[in-house]
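The values are calculated or read from the model by the stated rules, or taken from the named source; none is laboratory data. Being a predicted model, the structure only gives us computed values, none of them experimental. Positions of Cβ are generated from backbone atoms using ideal geometry, with glycine treated the same way; all protein chains shown enter the neighbour counts.
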Protein chains: 2
Amino acid sequence: MDSENNHLNLEDIARLSGVSRSTVSRVINDHPNVSQRTRERVMQVIKKYNFQPNAVARALVTQRSRVIGILVPHIITEVFTEPFFAMLIQGITLKANQLDYGVTLGLTSHTDNTNTIHRLINDPLLDGFIVAEASISPEFLAQLHRENKRYVLVGRPPISDLPIHYVDVENEQGGYLMTQYLIQKGYCRIAFMPGRITLTSSIDRQAGYERAMAEAGLPPIITPAGNFTKEGGYLVAKQILSQKVEAIFCASDMMAIGAAEAIKEQGLSIPEDIAIAGFDDASIAANFQPPLTTVRQDVLTSGATAAEILIEHIIENSSDTVIQKILPVSLIVRESA
Amino acid sequence: MDSENNHLNLEDIARLSGVSRSTVSRVINDHPNVSQRTRERVMQVIKKYNFQPNAVARALVTQRSRVIGILVPHIITEVFTEPFFAMLIQGITLKANQLDYGVTLGLTSHTDNTNTIHRLINDPLLDGFIVAEASISPEFLAQLHRENKRYVLVGRPPISDLPIHYVDVENEQGGYLMTQYLIQKGYCRIAFMPGRITLTSSIDRQAGYERAMAEAGLPPIITPAGNFTKEGGYLVAKQILSQKVEAIFCASDMMAIGAAEAIKEQGLSIPEDIAIAGFDDASIAANFQPPLTTVRQDVLTSGATAAEILIEHIIENSSDTVIQKILPVSLIVRESA
DNA sequence: AATTTAATTGGGAGCGTTCCCAAATTTAAC
DNA sequence: GTTAAATTTGGGAACGCTCCCAATTAAATT
């Protein structure tokens, strides 16, 4: 990195402290077989010259880079429309850094995905990676397994016959809790607006909704899918307003906001005329007018957990038990429902 | 990366195609001195086995990793409140990947910064890095220079006696344009709300505002700083509403939104009673009620440009001329002013 | 056809580590 | 005090690549 070639190596430190390269290596790697005296002497020299062993050389011989990748197979616009990815990346990065791992980013639009994805996945610079979206094709998953890659999924994958490590949240439970709350509030004609029907997050939230409705003996009302976007929520809400539902439970906050805007445009008020509930507790949810009743998931923790599983369990311990962690969600009651 | 040690190396490819390691290396690196016939033969073998040269080994000998770092020295919450960083990171990553470079992320809160920052900066795995915030301490900049690091700043640094590479936008011009527009609209008592007074983006926007006001012979009104946040904008607006200004030009959209909410709360309407203008053209700006008149900057392009400068000019060409690029902004007139 | 010149090819060394094994030293045991 | 065992230390080899230089081969010149 410096242009001035003043970078010391193990051999230099060895000479400066009157021992051999191997001994310095042992000191750096905390190997037990080195006497207290020499250890201290070497440590002093290391500190004095602020020596840092060359990570590249180390990676070459250990076959471990201490770097993981984040794969975001998503069209560009969505990555910054929703804070989900930003928070996820953040959660992953902070935890990884804490465990002394670096993080490299692989963004890929739907057009060029194969290229970037394959480069990232086959990068020997990477010890493993986190796939930041579960809607990954089954063939792709199968290939990863065939090639024995180390990776963790964020979100339950649609197929589950493969022993896949993943982190997910209690989507079903969240859907159930919210629906139960709405029912208990006295609403009967409660509609559910799916996000993207291929994503398990939407599927599971809907399953929770359906369970609660069935338990209460109420007929489920499923609207067209809103694709997890504000625009989608707006359009779907407009479409179904004639059906005079009493409450709409949207599979995401962004859709809930879109729906709310359609309702307000109609001159109706929330929650008096129609109640709106979301999912995620995105940062906008609390500040929206009216503040959104929603189901909170902690995306930062999801990211951190994914990093932890990948690094601690898969890379360092190489345990072969499959780790599937489901993080809790909680009902956040505000004013919109 | 694979557990199965089926990874081929140069020597394997050489054997499989009946040439030497060196020749394969030449083919991979597009060296001219290799005959058409052998080149094709080797290429075929490479394609057949889907061979990818080991980046770590390559990095060790070339002393270049083809990876750059992004340093985000920012408190965690801000990184996802504003889409600025998400977009910037995105712009950098896409361009870097396009130039066949990887990107690693270094987030650092104000508490642990020295640690993470120093690790990132001294990482021999990194060919250079982009500092995603100009409010970097002068001592730190001086140190970077002393150690001959390769880096690019996003945003003009507060001190400019060092030959520092940076990407910035026409903040002064943006401030000027907006103020000129407001004046031309007939407003006289136009206030400016600074973001964070240490950041050159705020300073420059204010300078533009002051220039336009001076030219029109109007007295400048500077409010307390809103710290670039919605909350800040809200609080500052509340504080100054008694002064009956006709328009508030905020140094960011988030502050403008906060200010707008304070105004709406007061039962006043925008822009009839008081006009509001922002800066950035964040994605919320167009969707806010009322849609925000603002100054557009293209953060994605800023990121891409920073990556380009770092990689093409500093790393690959190692030109020693200082590159300082100022990207254009444009006035976006909507309904809030 | 012989010789010079140019193009192509192969092997050695080295990048800075870690790991293994043997040598040297210290400590323990009889 | 001698031998055995345990601890500490040093040097060689390897990781997979690039680069340099010498050797080989092909093309050009007389």
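Descriptive notes on the structure:
- Test result for residue B:337, closer than 30 Å to residue A:290 by Cβ and surrounded by 14 or more Cβ atoms within 10 Å (Cβ to Cβ): yes
- In the stretch B:30-39, the residue that is nearest to the chain's Cα centre (by Cα) out of those that are surrounded by 11 or more Cβ atoms within 10 Å (Cβ to Cβ) and more than 6 Å from DNA strand C (Cβ to nearest atom) is B:31.
- Exclusive hit being among the β-branched types (Val, Ile, Thr) and at pLDDT 90 or above, set B:45, B:34: B:45
- Count - residues of the stretch B:255-275 that are over 16 Å from residue B:334 (Cα atoms) and in contact (Cβ under 8 Å) with a residue 40 or more places away in the chain: 2
- Subset tally (residues that are more than 6 Å from DNA strand D (Cβ to nearest atom) and within 17 Å of residue B:50 (Cα to Cα)) for the stretch B:12-25: 7
- Residues in the stretch A:40-54 that are in contact (Cβ under 8 Å) with a residue 24 or more places away in the chain and more than 10 Å from DNA strand C (Cβ to nearest atom): 6 in all.
- If the condition is being hydroxyl-bearing (Ser, Thr, Tyr) and within 13 Å of DNA strand D (Cβ to nearest atom), then the stretch A:26-63 contributes A:35, A:38, A:62.
- Residue within the stretch B:264-275 that is crowded, with 22+ Cβ neighbours inside 10 Å, within 24 Å of residue B:169 (Cα to Cα) and away from chain A (no Cβ under 13 Å) present: no
- Test set (1) in contact with a Lys or Arg (Cβ under 9 Å, 6 or more places away or on another chain); (2) within 14 Å of chain A (Cβ to nearest Cβ); (3) crowded, with 24+ Cβ neighbours inside 10 Å - residue B:315 fails condition number: (3)
The rows are residues; the columns are (1) touching a residue at least 40 places away in the same chain (Cβ under 8 Å); (2) surrounded by fewer than 21 Cβ atoms within 10 Å (Cβ to Cβ); (3) not assigned by TED's automatic domain parsing to the domain that holds residue B:255.
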residue	(1), (2), (3)
B:204	yes, no, no
B:212	no, no, no
B:225	no, yes, no
B:228	yes, no, no
B:232	no, no, no
B:240	yes, yes, no
